[in-house]
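Let me begin by presenting the structure, written as structure tokens, before commenting on it.
The values are calculated or read from the model by the stated rules, or taken from the named source; none is laboratory data. Please read these numbers as outputs of a predicted model, since none were measured by experiment. Positions of Cβ are backbone-derived with ideal geometry, glycine not excepted, and every protein chain shown enters the neighbour counts. Protein only, heavy atoms only, side chains kept; ligands, DNA and RNA dropped before computing areas. Shrake-Rupley method; radii C 1.70, N 1.55, O 1.52, S 1.80 Å.
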Amino acid sequence: CSVYREIPEGQYLLRKVKVETDGTDVKNRLDFIDLALQVPGSRWLGLFRRWGEDPVILDTVLCESSAQMMSKALVNRGYLRAEVDRDVRYSNREKSRYADVCYTLKPGTLYTIGEYSQLVPDTRIDSILHSSVRAQTGRIVTGTPLDASLLDTERERIVSLMKGRGYFSFGKDDIFFV
């Protein structure tokens, strides 16, 4: 009983998905495999582990979308000129049509925070923020990677602080990083 008999002509069973880098060290590189929109079915000793599990047919549109999501994730981590290449390798065997997908992360230069200062036109808000910054062990520090999640966490902290001080209409849209 071959799963390959069920695969329509001209299509391929997705056998393997992997993520590599171009040699650049990317923190938590393996997290990027979770961004792949297609993953192969579970296998054990070359056989499908669960009966009734449908084979995964390669969809190149989903591969391209996965590469774009990985690229955006790299940008959010501070690699502002990141690229992700995808390579699909097809089997040449007639009776076993499968494809392996490899995503290569090309992050480029890691951008870091060069300077952090607060420009607040309202003196009351400025004093609240300055007292808060002194009390905090700086979350945004010069030299750390320009990570979108770090900036978003700081926005949330400031909004929570301001609402706790009575500024109930203060929101994330009131905070800008330049």
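The residue that is farthest from L150 (Cα to Cα), counting only those in the stretch 74-100 that are touching an Asp or Glu at 6+ places or on another chain (Cβ under 8 Å) and open to solvent by less than 60 Å² (accessible area, probe 1.4 Å), is V88. Of the residues making up the stretch 28-59, those that are modelled with pLDDT of 65 or more, among the small types (G, A, S) and over 21 Å from T104 (Cα atoms) number 2.
The set of residues from the stretch 103-162 being in contact with a Pro (Cβ under 8 Å, 6 or more places away or on another chain) and of a type in the set (S, T, N, Q) comprises just one member, T112. Within the stretch 56-73, if we keep just the residues that are buried (at least 17 other Cβ atoms within 10 Å of the Cβ) and not aliphatic (A, V, I, L, M), the residue that is nearest to the chain's Cα centre (by Cα) turns out to be S71.
Within the stretch 75-94, identify whether any single residue is outside any loop (DSSP other than H, G, I, E, B), among the aliphatic types (A, V, I, L, M) and within 30 Å of I7 (Cβ to Cβ), and answer yes or no.
Within the stretch 75-94, the subset outside any loop (DSSP other than H, G, I, E, B) is 75-76, 83-90.
Okay, now just the ones that are also among the aliphatic types (A, V, I, L, M), so 75, 84, 88.
If we keep only those that are within 30 Å of I7 (Cβ to Cβ) too, we end up with 84, 88.
The answer is yes; a qualifying residue exists.
When we screen Y167, Y116, Y103 for residues that are buried (at least 16 other Cβ atoms within 10 Å of the Cβ), touching a residue at least 24 places away in the same chain (Cβ under 8 Å) and in a loop (DSSP other than H, G, I, E, B), the only hit is Y167. D126: surrounded by 13 or more Cβ atoms within 10 Å (Cβ to Cβ), under 29 Å from the mean Cα position of the chain (by Cα) and assigned to a helix (DSSP H, G or I), yes or no? Criteria not met by D126. For the stretch 129-152, the set of residues classified as among the hydroxyl-bearing types (S, T, Y) and either open to solvent by less than 60 Å² (accessible area, probe 1.4 Å) or modelled with pLDDT under 85 (or both) consists of S131, S132, T137, T144, listed by residue number.
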